[in-house]
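Working notes, structure below.
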Amino acid sequence: MKPNTPVPTVVGAGQPNEPLGGQPPAGSTPSVKDWDYEIKRHRAFEAVLWNMPAIAIYSFRRAAFDELGMKDNDIIAYSATATPKLEAITANSSTPYIAAYTDLRKGPAVLEVPAAGADGSLYGQVVDAWQLTIADVGPSGLDKGKGGKYLFVPPGHKEAVPDGYIRVDSPNYRIALAFRSVREPGKTATDAYAYAKKLRMYYLSEAANPPQQKFFDPINNRYPSLPFYDERHFEDMAEIMTVEPAREQDKVMLGMLASLGVERGKPFKPDEKTKRALRQGVIDAWFYLQRWFDHMPADKFYWPDRHYASLLMTDKNKRFTFTYDDRIDLDGRAAEYFWCTYMPKVLSDTPATQYLMAMADKDGKLLEAGKTYKLDVPKDMPVKQFWALTVYDRATCSFIYSDLNRTTLSSYDLDKMKKNADGGATLYVGPKAPEGLESNWIPTCGKRPLPAMRFYGGTEVLNDKTFKMPDFEEVK
């Protein structure tokens, strides 16, 4: 408010000789002293929640280009399972990753997928800028495991697609993919890596003479793909929103972003006060989402008498749009995309992989940093393939750095573990291994743990919930 600007007086709605509405109650005063700052902070907070799906997927692209030196249509193919150097939201360290990015403003893009067979197969999704799946790939995808040439076309593309391509229309310009190279029986990790390198990606304009495919193997590189929770969050947001088409459902928020300096056709150059408001807004959003998970709605738990929640928290339609006839569930969408990326279009009643996150111990107490917990894994786990326990840092939802470099223990490691008399195994999560049980331990290094029990090829008793996973217990 400028100096000498009179403060509005409030006589009071409904007072004698006053209208019943049109002004606040008598004696009202504003809670805000600096309107410019507070409005920007509030709008920044809400924008972070609204933009969570887009910022999470864009962060992969930004880091690949800035930190790994990649370009559009280059392909990441990990030669081994991920280590904590892959700084990503709830990644797995059981199967090697494949990833790539492209910008359809440069024209339609071709993705050549090899056929599934004895040499290997792929599982994964291609997503748009809002992280909604536009194509599944592999045996469960559009190619049905036969392989082929996917052609991704930009918004409004009217030209006919040449014969021999699987057309996929994208509502956005920038798209991303993440696959897993699935090892076939009798094959090695080296074989899975060789299979991944059969992929090709290039623009349709280059189809007559495709360039030599560039592959990146970041196994020894830090790949920092986590979203920033400071003012840089809005630099990334500007990079997204000034490129992608405006959806009708987002125009009110885009109007708010314009007041923060995020506007199509204009450089993003916020002044110092705006930077402070943006920084505090995104920090508040991070704390709000942490609080959301600490007070997770009871209907999110997989079993009512256990403390596991599915990583794949869908909307009521078992999808990940969180869009209904009358509203968009902003908080539910933000929470899901805060701790998970690359979801399927629809969550099946019998998903190929089930991810159950331990949110508390058997007494319902939140898991804490510095404490040691144990988990009794039954001998007969309800899986057709394998199970794996991965422990993340609750603050970042990413792997925990440690000298041991161990993020996961799985059924593949049972031969190295100390087993219980009934054939099961007790796993330990904490800052220090119990004596003589180092092979059964995942280090937390002072971080608050977020354990994830993955069931690969879950059986009927898992899907119908007649099997119940024991809760974690604190080791006193």
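See the values below:
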quantity: Fraction in percent of alpha-carbon pairs per bin - 5 Å, the range 345-475; calculated: 2, 11, 21, 23, 20, 14, 7, 2, 0, 0
quantity: Long pairs among 40/251; 371/432; 146/345; 85/447, criterion Cα-Cα beyond 19 Å; calculated: 146/345
quantity: Subset of 300/476; 33/275; 418/476; 144/197; 318/365 violating a 25 Å alpha-carbon distance limit; calculated: 300/476; 318/365
quantity: Over the chain, volume per residue of the alpha carbon convex hull, in Å³; calculated: 198
quantity: Set of lysines near residue 158 by C-alpha distance (under 20 Å), chain-local residues within fewer than 8 positions excluded; calculated: 106, 149
quantity: For residue 401, residues with placed amide H under 5 Å, excluding near neighbours; calculated: none
quantity: Heavy-atom accessible area ranking, 1.4 Å probe, most first, across 291, 200; calculated: 291, 200
quantity: Scattering profile of the range 303-417 at q = 0.15, 0.16, 0.21 Å⁻¹ [log10 I(q)/I(0), Debye over alpha-carbon scatterers]; calculated: -0.87, -0.98, -1.46
quantity: Selection from 257, 289, 177 lying farthest towards where the dipole of the chain points positive, charges on Cβ; calculated: 177
quantity: Kirkwood hydrodynamic radius (C-alpha pairs) into Stokes-Einstein, the range 65-181, 37 °C and 0.692 mPa s, D in µm²/s; calculated: 218
quantity: Sparse-neighbourhood loop sites, trypsin sites (Lys or Arg not before Pro) in the range 375-414 - DSSP loop, at most 14 other Cβ within 10 angstrom; calculated: 379
quantity: Neighbour cut-off at most 10 other Cβ (10 Å), DSSP loop, trypsin sites (Lys or Arg not before Pro), the range 29-128; calculated: 33
quantity: Relative intensity, log₁₀ I(q)/I(0), of the range 218-319 from a Debye sum that treats every alpha carbon as a point, q = 0.13, 0.14, 0.17 Å⁻¹; calculated: -0.73, -0.81, -1.00
quantity: Cut-off of 10 Å, at most 16 other beta carbons, DSSP loop: longest stretch of the chain lacking such GluC sites (Glu not before Pro); calculated: 1-158
quantity: Accessible area in square angstrom per residue, the chain, 1.4 angstrom probe; calculated: 47
quantity: Amide H partners (placed H, <5 Å) of residue 458, local residues excluded; calculated: 354, 384
quantity: With Cα atoms, 0 to 90° folded angle of helix 232-241 axis to the chain main axis; calculated: 90
quantity: Cα-centre dipole for the range 154-197 with unit charges at Cβ (Lys and Arg positive, Asp and Glu negative), debye to 20; calculated: 200
quantity: Long-range HN-HN contacts of residue 135 with modeled amide H, under 5 Å; calculated: 126
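The values are calculated or read from the model by the stated rules, or taken from the named source; none is laboratory data. None of the values given here were measured: they were computed from a predicted structure. So basically every Cβ, Gly included, is an ideal-geometry build from the backbone, and we count neighbours across all protein chains shown. Only protein heavy atoms, including side chains, enter the accessible area calculation; ligands, DNA and RNA are left aside. Shrake-Rupley method; radii C 1.70, N 1.55, O 1.52, S 1.80 Å.
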